[in-house]
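What follows is a set of notes on a single structure, which appears directly below.
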């Protein structure tokens, strides 16, 4: 028989209970899949609520650029002429190379110094050069922003953790399709993979050296 869920089953064994100090010169702010096809109608998978993230994301991006952190846009992109055989690849009919849908949404501020990494799967690390880019820059901490929290952001967070990076996710800079997906994913990350905080705390850490707290989230909500 299924037992009732504990309010916080990992309360006594959170891996990331201590506050985190970061060095901007060893930090990368990574924007994941903030693309027209995911965020703007008539994008093929558009949920325009994602655009509400842009204001907080821009504050973090400005702080990153001002303090010497590296900014990386990790964008999903697919070849329109691939004619794939594999089932997963056949379903990737969005964010085609060179299309409007593959472009970063207009509200996000870009800089000529930003780095772009193209991914073909959920994780920004899977068979890309993202890890090489970060290691070449001496990055130790990654701040992840974008969509969807429970798919591409989560996959990238897992791989970043497995590769030895400190992972920070400002919860007001990531979005999912449902509250359940958002809450459960952020709880899992805050207990097992990194720090879940907010944009204000990340800005304070970058600009003033403030420590980043790890939110005490619950599986069913705060």
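Relative contact order for the chain using alpha-carbon pairs under 8 Å, separation at least 6, rounded to a whole percent?
The value is 27 percent.
Roughly what % antiparallel, to the nearest 5, for the DSSP beta bridges in the chain? Kindly include the intermediate steps, with their values, before the conclusion.
Working: 2 of 27 bridges.
Looking only at bridges with both residues in the chain, the antiparallel portion is about 5 percent.
Pull out the extension gain between residue 15 and residue 109, defined as 0.36 nm times the separation in residues minus the alpha carbon to alpha carbon distance; nm, one decimal. Don't jump to the answer; show the numbers that get you there.
Working: separation 94, 0.36 × 94 = 33.84 nm, distance 3.41 nm.
Fully extending the segment from residue 15 to residue 109 adds 30.4 nm.
Treat the count of other C-beta atoms within 10 Å as a stand-in for reagent exposure and order 197, 21, 99 from fewest to most.
21, 99, 197
Once every Cα of region 1-123 carries one equal point scatterer and solvent is ignored, give the base-10 log of I(q)/I(0) from the Debye formula at q = 0.10, 0.15, 0.19 Å⁻¹, two decimals.
-0.47, -0.84, -1.02
Mind running the shape call on region 62-143? Use the C-alpha gyration tensor, a ≥ b ≥ c as the square roots of the eigenvalues: rounded below 1.5 for a/c, prolate if a/b tops b/c, oblate otherwise. It would help to have the intermediate numbers written out before the result.
On the way: a/c = 3.13, a/b = 1.66, b/c = 1.88.
Oblate, since a/c reaches 1.5 and b/c is not below a/b.
In the Gaussian network model of the chain, springs joining C-alpha atoms below 10 Å, which of 191, 27, 128 carries the largest mean-square fluctuation?
With Cα springs under 10 Å in the chain, the top fluctuation among 191, 27, 128 is at 128.
If I model a spin label at residue 91 and residue 135 as a point 7 Å from the Cα along the Cα→Cβ vector, what separation in nanometres do I get?
Going from the residue 91 label point to the residue 135 one covers 3.2 nm.
For the chain, modelled as a GNM with alpha-carbon contacts under 10 angstrom, which of 32, 169, 22 fluctuates the most?
Largest GNM mean-square fluctuation: 22.
Give me the one-decimal Kirkwood hydrodynamic radius in Å for the chain, with the sum taken over alpha-carbon pairs.
17.7
Would you compute, from DSSP H runs of 4+ residues alone, the mean residue ellipticity of the chain at 222 nm, taking -39500 (n - 2.57) per run and dividing by the full residue count, rounded to the nearest 500? Kindly include the intermediate steps, with their values, before the conclusion.
Details: 7 runs with 62 residues, N = 222.
Roughly -8000 deg cm²/dmol at 222 nm, from the helical runs in the chain.
We did not get these values from a lab; they are worked out from the coordinates using the rules stated. For clarity, every value in this text was computed on a predicted model and none was experimentally measured. Note that each Cβ is placed from the backbone with ideal geometry, even for glycine, and that neighbours are counted across all protein chains shown.
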